[in-house]
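The values are calculated or read from the model by the stated rules, or taken from the named source; none is laboratory data. Values in this document were obtained by computation on a predicted structure and should not be read as measured data. With ideal geometry, Cβ positions are generated from the backbone for all residues, glycine too; neighbour counts draw on all protein chains shown. To get the accessible areas, we keep the full protein, side chains included, count just its heavy atoms, and leave off ligands, DNA and RNA. Shrake-Rupley method; radii C 1.70, N 1.55, O 1.52, S 1.80 Å.
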Amino acid sequence: MNDKKRSIVESALNLFYKKGIHAVGINEIITVAGVAKKTLYNHFKSKDELILATLKYRDQLFMDWLTQQLNKAELGKDALLALFEALDDWFNGRVQGLGEFKGCYFINTSAEYGHFNRQIYSACKEHKDKIKALVQVHVDSFEENAQKNALLVDTICLLKEGAITTALVQRNLASAQNANAIVENILRFKR
């Protein structure tokens, strides 16, 4: 991606994440990105195409960050606990590369825009599927029973999503710590 295109995508992502997609117009994006309208439309045919580019860019940023955080821990249970420690850092502004916490960009985008555009909805779902696959790798390292494995993956993913939503909607910035305690208990008593 060339510098102009990256500037447009980063500016749009920051504005969309902070204000919401429908609240941000193309003129605001070009002003913040410091490009002409023609330049924006040379790179993106529509606002929907720009939204898709921001989703792809945020997915890459988020997955790189999360994978790096989990890789610092031992494969399996330790990494699953590290997931919630990483979320706690994100919620509480200790993750520079993700910006100020405004909830999950993919949940926000899907809620605001996803039902009206199959591609946008699919991009949001693909992000969630990638995170589930990342959790799956760690659960697979210690749980061989397929039914228990699937239940544990779903439980961890639901707790992750719930922690994000609780942190945003209820401003409970300790929600990841609370979810971590639940996961720790589940893993301790797992048979």
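Could you list, in sequence order, the residues of the range 159-191 that are more than 13 Å from L80 (Cβ to Cβ), at pLDDT 95 or above and either outside any helix (DSSP H, G or I) or open to solvent by 70 Å² or more (accessible area, probe 1.4 Å) (or both)? Those that are more than 13 Å from L80 (Cβ to Cβ), at pLDDT 95 or above and either outside any helix (DSSP H, G or I) or open to solvent by 70 Å² or more (accessible area, probe 1.4 Å) (or both): V169, Q170, R171, N172, L173, A174, Q177, N178. When we screen R94, R58 for residues that are modelled with pLDDT of 95 or more and either open to solvent by less than 60 Å² (accessible area, probe 1.4 Å) or touching a Leu at 6+ places or on another chain (Cβ under 9 Å) (or both), the only hit is R58. Taken together, the residues in the range 160-173 that are small (G, A, S) and touching a residue at least 60 places away in the same chain (Cβ under 8 Å) amount to 2. Scanning the range 107-135 for residues that are over 22 Å from A174 (Cα atoms), free of Cβ contacts under 8 Å to residues at least 60 places away in the same chain and buried (at least 18 other Cβ atoms within 10 Å of the Cβ) turns up S110, G114. Of the numbered criteria (1) touching a Gly at 6+ places or on another chain (Cβ under 8 Å); (2) part of a helix (DSSP H, G or I), the one E100 fails is (2). What about K72, is it more than 30 Å from K19 (Cβ to Cβ), free of Cβ contacts under 8 Å to residues at least 40 places away in the same chain, over 15 Å from the mean Cα position of the chain (by Cα) and open to solvent by 70 Å² or more (accessible area, probe 1.4 Å)? Yes, satisfied. The set of residues in the range 136-158 that are open to solvent by 60 Å² or more (accessible area, probe 1.4 Å), over 23 Å from D64 (Cβ atoms) and either assigned to a helix (DSSP H, G or I) or not assigned by TED's automatic domain parsing to the domain that holds E74 (or both) comprises A146, Q147, K148, L151, D154, L158. Scanning the range 141-191 for residues that are among the charged types (D, E, K, R) and in contact with a helix residue (DSSP H, G or I) (Cβ under 7 Å, 6 or more places away or on another chain) returns E143, K160, E184. Taken together, F84, F44, F16 contain a single residue that is touching a helix residue (DSSP H, G or I) at 6+ places or on another chain (Cβ under 7 Å), closer than 17 Å to N108 by Cα and either aromatic (F, W, Y) or open to solvent by 40 Å² or more (accessible area, probe 1.4 Å) (or both), which is F16. The sole residue among T39, T109, T67 that is closer than 30 Å to E144 by Cβ and polar (S, T, N, Q) is T67.
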